[in-house]
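The numbers here are math on the coordinates, done by the rules we state, and not lab data. Treat the numbers as computed from the prediction; the structure is a model and nothing was measured. Ideal geometry is used to build each Cβ from the backbone, glycine not excepted, and the neighbour counts take in all protein chains shown.
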Amino acid sequence: MMEQSVDIKVTTRPGKDAGRVVSVKKTSTVSSNKRIRRSFRQIRTENVFRRMLVIVALCMIVLVLGIMVTLAVQSTLSFKSAGFSYLWGKTWDPVRDVFGAYPFILGTLLTSFLALIISIPFSFAVAVFLGEYYPTGWLPNLLKNTVELIAAVPSVIYGFWGLAVLVPIVRSFETSIGVEPVGIGIFTSSLILAIMIIPYAASLGRSMIHMVPSNLKEAAYSLGATRWEVIRSVIFPYTKSGLFAGVLLSLGRALGETMAVTMVIGNTSLIPKSIFSPGNTMASVIANEFTEADHPVYLSALIELGLVLFLVTVVINMVGKRMVSSFTNE
Amino acid sequence: MANHVKYRIGKSRVFQGLTILLAFACVVPLIFILIYILQAGLTKINWQFLTNLPKPVGEKGGGIANALIGSIMIILCASVIAIPFGILCGIYLSENKKSRLAYWSRLCVDILQGVPSIVIGIVAYFWLVKPLGGFSAISGSVALAIMMLPIIIRSTEETLKLLPDSLREAAYALGMPFHRVVLKVIVPCGISGIMSGVMLAVARIAGETAPLLFTAFGNPYMSFNMMKPMQSMPLLIFNYATSPYNDWHDLAWGASCILLIWVLALNIFTKVITRKWKVQL
Amino acid sequence: MESTIVKSINYNAYFGDNHVVKDVNMDIPRNHVIAVMGPSGCGKTTFLRGINRMHELIPGATAKGQIMLNNEDVMEMHPIFVRLKIGMVFQRPNPFPNLSIYDNVIAGYKLNGIKLPKAEKDRIVEHSLTRVALWKEVKDSLTKKGSFLSGGQQQRLCIARAVAMEPEVLLFDEPTSALDPISTSTVEELFHELKKNYTLIIVTHNMQQAARVSDRTAFFYMGELVEYDITKNMFTNPKDTRTQNYITGRFS
């Protein structure tokens, strides 16, 4: 029956010494049987292992959902008592149970964007320097690694250094321009944050600039463009979404940064009057007041702050990452 | 015409100079910080500093032994949780590139990577501190482990993705079951990338303070009990740096110095060995 | 005396909706060298990978029909058993970069967790390397990494790795296309030696190679098995016009 389905029947028989073959096969049957018995056990392990991997991958989803649910559930109390007006309530007074997050949201936005404005020229300079001017060599390599180390320094050390070194400098600067010389405050935190977030936009920008096709640049050079003109009218337009994504990732980092800011911002729940006045960010309020929150609504209000922070940073990071991946896939 | 060209060339030079200037200016604060902390910290470090407990204000000869031990214990415990979990998840993502679960899982890893550390602290507080009835080192370890996960998962996934398919095929063709292909062939071949991810993750969490504020909490005494509050280096620096006493500031400088050296050494070490390993492969 | 070892019955393979191997029926006799040739994209490699169930490792790949190995359907067996009995050598030499030459040869045992006494391992290594004519060249450097060898040596090491498992059938997926002419001829000579103990199925897009090394040749075109015959007959007297066109170089 099987023979019928075969397309071509072979008629000639090649002269092969079949007897010898059989003897070889015999010597290997012992180890072969052992192998097969062994394999039965392995199949079970294989399936267990596959299932384990699936469970671990599921756990990641559960973990992140768990974080969201925990934050949402724990902040319902505060949400019920204040609703959305929580976001623009101007007073934060735990003693009277009035919780408005506006001063902290403003403080967070001020410090982060100020830090961004200060850091962008520096991080773009690093990106252009390493991506276009000097992509190889020991000095650029050293610069690249050193800039990456900026991100490695623990934020509590930045905070301590800021407290000891930067605050006196800012204070004398404030005296010279005639504002109240506090030293600590939004401006100081922005300076520290600016240093801390340089590497994020810089390293992403560098790799984006690296990816600019050289034929585009050569086309511009062949028309007599100078190096700067190539950077401005070829490289920047080509990489703009990538550079912007780097800025977004920096921003995400700045928004969530806690320790360094907490140590130099001054910790006051009043609405900051200028960039030199002390204030608070969402993260620093949580760090300062979480263990002191002695009644449920207070604690819940702090967690709602955490929830807002979580949602904002997640959105910013996701948008940034999407832009990077769409840029790299093009 | 010639003047115009000259002007353009000049402009180009100016911008090049400006770029170089700004690029190298970035490094200046880092160098200042390094020098300042080494100056302020190195003089405080001696044998007693490493082996003594902190002393009350006014007494000389305090040390940071409890914070050192605490940091090491908390980090070790976090690694024990995060490393196997992270590597397994990375393996899943690289082996099932296109499955729907991988898509969502990857998305969650991305989300987790961007979550501010203080938020992780809050969550760990509700997951562990509250149910267990008090601050504990283990809750700090869990919080840090959550922060390590995205780094380990990402580096594992990226490394394993780069391995050629021929390697997998060679292993399957020998009749190897899936788990052996992964554990005996794929993972050993990508071990350099995985290890560098692990070390980066350790370096990252070694200096993390925010998630520990409401979990490990800190403890002025020596403690080896993972279920009780425990001191750690970054916590000690934060608490003592924000105190009004000069003695305690000195202690914090010494601790900062040690923490900084520790973290930078881990980072530099990782960079050096990944470069070395990459050449070999 | 002659027995069929592998028999494909109405074998079909797909990548998603793409039907790449269509109704292949083929009898492969024991201890022969079978060449499978055809233009690129004709499904010959897919068919080969179907024989030891490597095809289904590619996401979206499916197969229908039967492949009988000693009258047992490999489609019903667990792939691990199939692959232990049917070894495979790939287009590009792929020794395990993290293992020494010695460990590469016994990789099938070592990585499958099968413990063997040292003497047995030594025997297998020497035996397998001798079979692929590599023993003399590498016996003094067994502890070196496999990636230090030349391309031809690496490919023979990969053959030794497959041979060490004592399979019944060896599949070769264009085994010489990444090698230089001298290494190619060494590997081709090996085929004559190996067929004493194994059945060899070799996919090649090189007609001269098929003519040189094989006892029988199968010609695939557009996923179909067009013609399957004794090599000499195939090249001197092809029955199908498509085969004729192919071997006279009218399309490729």
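Between A:I177 and A:I275, the contour length at 0.36 nm per residue exceeds the Cα-Cα span by 34.0 nm. Net charge in the neighbourhood of B:F15 (other residues with Cβ under 13 Å of its Cβ; Lys, Arg +1, Asp, Glu -1) is +3. Non-local lysine pairs in chain A, meaning eight or more places apart or on different chains, with alpha-carbon distances under 19 Å, amount to 8.
Measuring r between the beta carbons of B:L264 and A:T91 and using R0 = 45 Å, the FRET efficiency lands at 0.55. Rounded to the nearest 0.05, the FRET efficiency derived from the C-beta distance between A:S222 and B:H4 at R0 = 22 Å is 0.75. Placing pseudo-labels 7 Å out from each Cα toward the beta carbon at A:I55 and C:S40 gives an inter-label distance of 4.6 nm.
Measuring max minus min along each principal axis, the C-alpha atoms of the protein assembly as shown give extents of 106, 79, 57 Å (largest first). A DSSP coil position with no more than 10 other Cβ atoms inside 10 Å describes none of the chymotrypsin sites (Phe, Trp or Tyr not before Pro) in region A:286-317. Divide the volume of the convex hull around the Cα atoms of region C:25-135 by the residue count and you get 164 Å³ per residue.
For B:I45, no residue has an amide H sitting under 5 Å from its own, ignoring neighbours fewer than 5 places away on the same chain, with H placed 1.01 Å from N.
In sequence order, region C:190-201 has phi-based couplings of 4, 4, 5, 5, 5, 6, 5, 10, 10, 9, 10, 10 Hz under the Karplus curve 6.51 cos²θ - 1.76 cosθ + 1.60, θ = phi - 60°, and Gly or Pro positions carry x. Per-residue ellipticity at 222 nm, computed for chain A from helices alone with -39500 (n - 2.57) per DSSP H run of at least four residues, works out to -24500 deg cm²/dmol.
Across every pair of non-identical alpha carbons in region C:4-247, the mean reciprocal distance, once inverted, gives a Kirkwood radius of 18.3 Å. Under the simplified labelling scheme, the C:I58-B:N52 pair shows an inter-label distance of 7.1 nm, with each label point 7 Å from Cα along Cα→Cβ. Taking a ≥ b ≥ c as the square roots of the Cα gyration tensor eigenvalues, with a/c under 1.5 meaning rounded and otherwise prolate when a/b beats b/c, else oblate, which class fits chain A? It comes out oblate by the Cα gyration axes. Normalised radius of gyration (Cα atoms, divided by 2.2 N^0.38 Å) for region B:47-280: 1.17. Close amide H contacts of C:A35 (hydrogens built in the peptide plane, cut-off under 5 Å, sequence separation of 5 or more or a different chain): C:I202, C:D215, C:R216, C:T217, C:A218. Compactness ratio for region B:11-160: Cα radius of gyration over 2.2 N^0.38 Å (N = residue count) comes to 1.50. Our note on the geometry: Cα centres of region B:195-264 and region C:176-195, 63 Å apart.
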